[in-house]
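What follows is one structure encoded as structure tokens, with my remarks underneath.
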Amino acid sequence: MSMRPFLRVAPHRAPVTAVYGGGGVFGIAYGLGVAHALIDAGVPLDQCESLGTSAGSWVASCLATGIGFGVMSQQAAVRVPNLRPGFLRGVAGEVFGERRDPRVRASVVRLPIRRELLSGLPLADMVAASSSVPGVFAPARVNNHLYVDGGVRSMASAHLAPAADHLLVIAPIAGPVMGRGGRTMELLLSEETRRWERRTGGRAHVIRPDKAIAAMVSAPHHLFDKERALDVYPMAYRQGARLIRERPNLTRLVVQPEAA
């Protein structure tokens, strides 16, 4: 009787997972613009697992549900601060209803200081909790817990992303954005992506605004300026389309359609 060696089969791992960072309505416009360009080029960001923080949770939820920037741009401009309890949940409910998607995680801070990742809940609850910037919006109540913006701990939390062959991070506030703030975010993000790579063995790729887009937000209140956001979306789309041509490492994220 012949004996065959036991073969240990490695668990299936997704080719791509995505992280979307915070940045107000500017961050939503930037994240969606870049993501839509990459999707059109063949990167399956509308199908993969994702982690969003603050504005990034809106981006991840829109991509998972197929809600386009046109829907977001039709929402009324948000005046800040707005400390009315439930305000953000109401806005999110108008966009997402009671939809859920198991592929989406949202980084939040449960009061007083505990970082958590929410998943499996209505997307409207998750994005409201992840976007409740202290002093700008009231804390969001979800399942009898109070949550504030996940950006209190990190604007991306990239090291907490699910394992995959590749991690794509779209970071609206990094690099040249808002001077010292963007440089600080860049340093933190670099450490987070290194931690993710060590944990998973995957390869991380970061996209941040170019100088022209960064110039659109020179002060924190610009992050909530709807008119600027409307201008940023097409600029971000063009940047994404350009980068997929110019950066060979990004072409590794493209999934080729199977032959019929």
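General observations
- Boolean, Ala18 is assigned to a strand (DSSP E or B), closer than 22 Å to Arg141 by Cα and either touching a strand residue (DSSP E or B) at 6+ places or on another chain (Cβ under 7 Å) or of a type in the set (Phe, Trp, Tyr) (or both): no
- Yes/no for Ser107 being open to solvent by less than 30 Å² (accessible area, probe 1.4 Å), in contact with a strand residue (DSSP E or B) (Cβ under 7 Å, 6 or more places away or on another chain), closer than 27 Å to Tyr233 by Cβ and in a strand (DSSP E or B): yes
- Of the candidates Pro209, Pro220, the single residue that is touching a Pro at 6+ places or on another chain (Cβ under 8 Å) and of a type outside the set (S, T, N, Q) is Pro209.
- Of all the listed residues (Gln74, Gln47), the sole one being of a type in the set (S, T, N, Q) and over 27 Å from Val109 (Cα atoms) is Gln74.
- Residues located in region 220-257, provided they are of a type in the set (Gly, Ala, Ser), out of contact with any strand residue (DSSP E or B) (no Cβ under 8 Å at 6 or more places or on another chain) and open to solvent by less than 20 Å² (accessible area, probe 1.4 Å): Ala229, Ala236
- The single condition from (1) closer than 21 Å to Leu117 by Cα; (2) modelled with pLDDT under 95 that Gly179 fails is (1).
- Sole residue being surrounded by 24 or more Cβ atoms within 10 Å (Cβ to Cβ), over 10 Å from the mean Cα position of the chain (by Cα) and among the hydrophobic types (A, V, I, L, M, F, W, C), chosen from Ala77, Ala29: Ala29
- Residues that are in contact with a Leu (Cβ under 6 Å, 6 or more places away or on another chain) and farther than 20 Å from Gly70 by Cβ do occur in region 204-216.
- Scanning region 180-215 for residues that are open to solvent by less than 30 Å² (accessible area, probe 1.4 Å) and outside any strand (DSSP E or B) returns Gly182, Met185, Leu189, Glu192, Thr193, Trp196, Thr200, Gly202, Pro209, Ile213, Ala214.
- Selected residue (only one of Pro112, Pro134 is assigned to a loop (DSSP other than H, G, I, E, B) and loosely packed, with under 13 Cβ neighbours inside 10 Å): Pro112
- Residue selected from region 91-129 under the condition charged (D, E, K, R) and more than 17 Å from the chain's Cα centre (by Cα), by the criterion modelled with the lowest pLDDT: Arg114
- Taken as a whole, the condition of being part of a loop (DSSP other than H, G, I, E, B), open to solvent by less than 40 Å² (accessible area, probe 1.4 Å), more than 30 Å from Pro85 (Cα to Cα) and at pLDDT 95 or above applies to Ala164.
The values are calculated or read from the model by the stated rules, or taken from the named source; none is laboratory data. Note that this is a predicted model, so its numbers are computed, not measured. Here Cβ is always computed from backbone atoms with ideal geometry, including for glycine, and neighbour counts include all displayed protein chains. Keep in mind that these areas ignore ligands, DNA and RNA; they rest on the heavy atoms of the full protein, side chains included. Shrake-Rupley method; radii C 1.70, N 1.55, O 1.52, S 1.80 Å.
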